[in-house]
Amino acid sequence: MLGEQDFDVFDELDKLVDSGLPTWQAIVTDATNRDISTLADLAVSHSLGVDNWSGVRVMCADCSRGDSPAGHGHPSASSNQSVLGFAGSETALSACLDEWLKARKIVQVEIKKLW
């Protein structure tokens with residue numbers, strides 16, 4: 001709903017071609033923009049695909065179909081968080097994050113395998 005008008009939104013995405021590599025989501029807390037840029041460069045050197053998803057608003061299936069109950073919502077990531085997508089092996093991702101985090105003691109990373 002926007003005001004009093006309903007708008008359709010996509011309720012699913014489909015892979016065109018499966019790369020065979022897992023996709024990961026990382027929620028990074030207390031990193032600067034420079035830290036995120038350094039991580040992206042490091043990910044490429046570890047043969048990982050990386051994309052900044054911080055501007056993407058993720059909704060549940062009900063909301064994507066316009067069936068959300070009143071008062072239900074999906075908060076954005078907090079201002080001290082970045083949401084990143086990675087594609088590649090768990091081994092490469094772990095090595096990349098371990099190397100990056102060595103110099104960043106206050107940064108926290110939560111990783112989740114999406115598919």
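A few notes on this one:
- For region 92-100, the criterion of being at pLDDT below 95 and either surrounded by 13 or more Cβ atoms within 10 Å (Cβ to Cβ) or not basic (Lys, Arg) (or both) is satisfied by no residue at all.
- Screening region 13-65 for residues that are touching a strand residue (DSSP E or B) at 6+ places or on another chain (Cβ under 8 Å) and hydroxyl-bearing (Ser, Thr, Tyr) and picking the one that is modelled with the lowest pLDDT gives 19.
- Criterion violated by residue 45 - all others in (1) farther than 30 Å from residue 2 by Cβ; (2) surrounded by 15 or more Cβ atoms within 10 Å (Cβ to Cβ) satisfied: (2)
- Test result for residue 115, under 21 Å from residue 18 (Cβ atoms), modelled with pLDDT under 95 and surrounded by 11 or more Cβ atoms within 10 Å (Cβ to Cβ): no
- Hey, residue 68 modelled with pLDDT under 95, within 27 Å of residue 103 (Cα to Cα) and surrounded by 11 or more Cβ atoms within 10 Å (Cβ to Cβ) or not: no
- Which listed residue is small (Gly, Ala, Ser) and free of Cβ contacts under 8 Å to residues at least 24 places away in the same chain, from 31, 70: 70
- Residue count for region 28-72, restricted to those that are out of contact with any Lys or Arg (no Cβ under 8 Å at 6 or more places or on another chain) and either closer than 20 Å to residue 114 by Cα or among the aliphatic types (A, V, I, L, M) (or both): 28
- For region 1-12, the candidate set comprises residues that are acidic (Asp, Glu) and exposed (fewer than 10 other Cβ atoms within 10 Å of the Cβ); within that set, the residue that is modelled with the lowest pLDDT is 12.
- Only listed residue being touching a residue at least 40 places away in the same chain (Cβ under 8 Å), under 30 Å from residue 2 (Cα atoms) and β-branched (Val, Ile, Thr), chosen from 109, 83: 83
The values are calculated or read from the model by the stated rules, or taken from the named source; none is laboratory data. Just so we're clear, the structure is a prediction, and the values are computed from it rather than from any experiment. So basically every Cβ, Gly included, is an ideal-geometry build from the backbone, and we count neighbours across all protein chains shown.
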